Amino acid sequence: MSETNSPSAPPPAVLDVWCDLQCTDCHAALEDLRALRARYGDRLDIRLRHFPLEKHRHAYAAAQAAEEAAEQGRGWEFAEAVLARAGELGERGEAVLIEVAAGLGVDAEEVDTALIDGRHLLIVDADQAEGKAIGVTGTPTYVIDGERLDGGKSQEGLRERIEEIADRLLAG
């Protein structure tokens, strides 16, 4: 039995991050996400949830590409690399997704095929529908322990609030 499943260890807290991979606010939020990963490690399960905004015409394709990268074990790395090139994605489109995949050692041909055959559409659509159902209107939006925190308006104080909730959840 692994340590994380032992009766004495609380289960990991879950932080859902509703994100648009063409969003500069989501790129800015990476610093906070990295700090949370460093502080909590495996005790905080940070899950990327897709919420491509209509104003970003390549965000939907980016979400699908990220799902393919995740199937290849590189989902977060891919998402972070795409966010770092959000402006370029807006200008050059899907070519950027293929370049990012190749640069990370993700099978770029498979990413391209996934964009063509739409194998990840249902995941992206389900994330977006769930986000809308819980009141997500912009990105990034965080949900931890049922509390929705809107990072699209301001990142100010959000990491501290997430840490407060995570600490309470992990205290058992």
Yes or no: A65 out of contact with any Asp or Glu (no Cβ under 9 Å at 6 or more places or on another chain) and either hydrophobic (A, V, I, L, M, F, W, C) or not in a helix (DSSP H, G or I) (or both)?
no
Given (1) under 17 Å from G138 (Cβ atoms); (2) modelled with pLDDT of 95 or more, R85 misses just (1)
Residue satisfying condition, being open to solvent by less than 50 Å² (accessible area, probe 1.4 Å), more than 18 Å from the chain's Cα centre (by Cα) and not aliphatic (A, V, I, L, M), within set G138, G157:
G157
In this structure, is G172 at pLDDT 95 or above and on the phi > 0 side of the Ramachandran plot?
no
Looking only at residues in the range 56-93 that are charged (D, E, K, R) and closer than 19 Å to L122 by Cα, which one is most open to solvent (accessible area, probe 1.4 Å)?
R57
Mind telling me which of the residues A9, A69 ends up being of a type in the set (G, A, S), over 18 Å from D150 (Cβ atoms) and touching a residue at least 12 places away in the same chain (Cβ under 8 Å)?
A69
Within the range 6-18, considering residues that are of a type outside the set (V, I, T) and touching a strand residue (DSSP E or B) at 6+ places or on another chain (Cβ under 6 Å), the one surrounded by the most Cβ atoms within 10 Å (Cβ to Cβ)
W18
I need the full set of residues from the range 1-16 which are modelled with pLDDT of 90 or more and either of a type in the set (D, E) or farther than 30 Å from T139 by Cα (or both), in order please.
D16
I'm checking my understanding of the structure. Among residues of the range 27-55 that are free of Cβ contacts under 8 Å to residues at least 60 places away in the same chain, in a strand (DSSP E or B) and out of contact with any Lys or Arg (no Cβ under 9 Å at 6 or more places or on another chain), which one is least open to solvent (accessible area, probe 1.4 Å)?
L48
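The values are calculated or read from the model by the stated rules, or taken from the named source; none is laboratory data. Quick caveat: nothing in here was measured; it's all calculated off a predicted structure. Methodologically, a virtual Cβ is constructed for each residue, glycine included, from the backbone with ideal geometry; neighbour enumeration extends over all protein chains shown. For accessibility, only protein heavy atoms count, side chains too; no ligands or nucleic acids. Shrake-Rupley method; radii C 1.70, N 1.55, O 1.52, S 1.80 Å.
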